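Note sheet for the following structure.
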Amino acid sequence: MRCFYINVVNDNQEDIWIKYVLKHENELTLDNIVMSINQYLINNKATDVFFEYPNILFVKQNPVSYKCYNKNSKILEFTTKDKEYSLSQTFTSYKTLKDSIYSLL
């Protein structure tokens, strides 16, 4: 997989799409990325996950899409389906890509 799209709520409370691009094709899938994010939430925001905010984890909708149903989440959806996007970010490593996503959580 080389790119995917994230639907986020920006500072103006607008719903926008961001295209995330990995500079090199790799074996990662959207499942791998979202599982990493869900695990990050469990490890670092356990109180939120288990007590404060129901539905904070991302749920698979279909093979190309994951959604979060928590109204407080800044990230609404991940997909590999082509979308019209407002921003694009390119990453040279998976670590920098994850750090960028984690900063949105």
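The values are calculated or read from the model by the stated rules, or taken from the named source; none is laboratory data. Source: prediction; values computed, not measured. Neighbour counts run over all protein chains shown; Cβ positions are idealised from the backbone, glycine included. In case anyone asks, the SASA skips ligands and DNA or RNA and just uses the protein heavy atoms, side chains included. Shrake-Rupley method; radii C 1.70, N 1.55, O 1.52, S 1.80 Å.
Taken over the stretch 72-84, the criterion of being modelled with pLDDT of 90 or more and open to solvent by less than 50 Å² (accessible area, probe 1.4 Å) is satisfied by Ile75, Leu76, Glu77, Phe78, Thr79, Thr80. Name the residue that is farthest from Arg2 (Cα to Cα), counting only residues in the stretch 91-105 that are under 15 Å from the mean Cα position of the chain (by Cα) and open to solvent by 70 Å² or more (accessible area, probe 1.4 Å). Checked the stretch 91-105; the qualifying residue farthest from Arg2 (Cα to Cα) is Ser103. Residues in the stretch 10-59 that are of a type in the set (A, V, I, L, M, F, W, C), without any contact (Cβ under 8 Å) to a residue 24 or more places away in the chain and either surrounded by fewer than 13 Cβ atoms within 10 Å (Cβ to Cβ) or in a helix (DSSP H, G or I) (or both): Met35, Ile42, Ala46, Val49, Phe50, Phe51, Val59.
Of the residues examined, Leu87 is not one that is surrounded by 17 or more Cβ atoms within 10 Å (Cβ to Cβ), modelled with pLDDT of 90 or more and of a type in the set (A, V, I, L, M). Take Thr96 and decide whether it is touching a residue at least 12 places away in the same chain (Cβ under 8 Å) and not aromatic (Phe, Trp, Tyr). In short, no. Kindly check whether there is at least one residue in the stretch 41-60 that is of a type in the set (S, T, N, Q) and either touching an Asp or Glu at 6+ places or on another chain (Cβ under 9 Å) or within 16 Å of Tyr94 (Cα to Cα) (or both). No, the stretch 41-60 contains no residue that is of a type in the set (S, T, N, Q) and either touching an Asp or Glu at 6+ places or on another chain (Cβ under 9 Å) or within 16 Å of Tyr94 (Cα to Cα) (or both). Scanning the stretch 60-71 for residues that are modelled with pLDDT under 90 and surrounded by 14 or more Cβ atoms within 10 Å (Cβ to Cβ) returns a single hit, Asn70.
Search the stretch 18-32 for residues being touching a Leu at 6+ places or on another chain (Cβ under 8 Å) and hydrophobic (A, V, I, L, M, F, W, C), and hand back the single one that is modelled with the highest pLDDT. If we take residues in the stretch 18-32 being touching a Leu at 6+ places or on another chain (Cβ under 8 Å) and hydrophobic (A, V, I, L, M, F, W, C), then Ile18 is modelled with the highest pLDDT.
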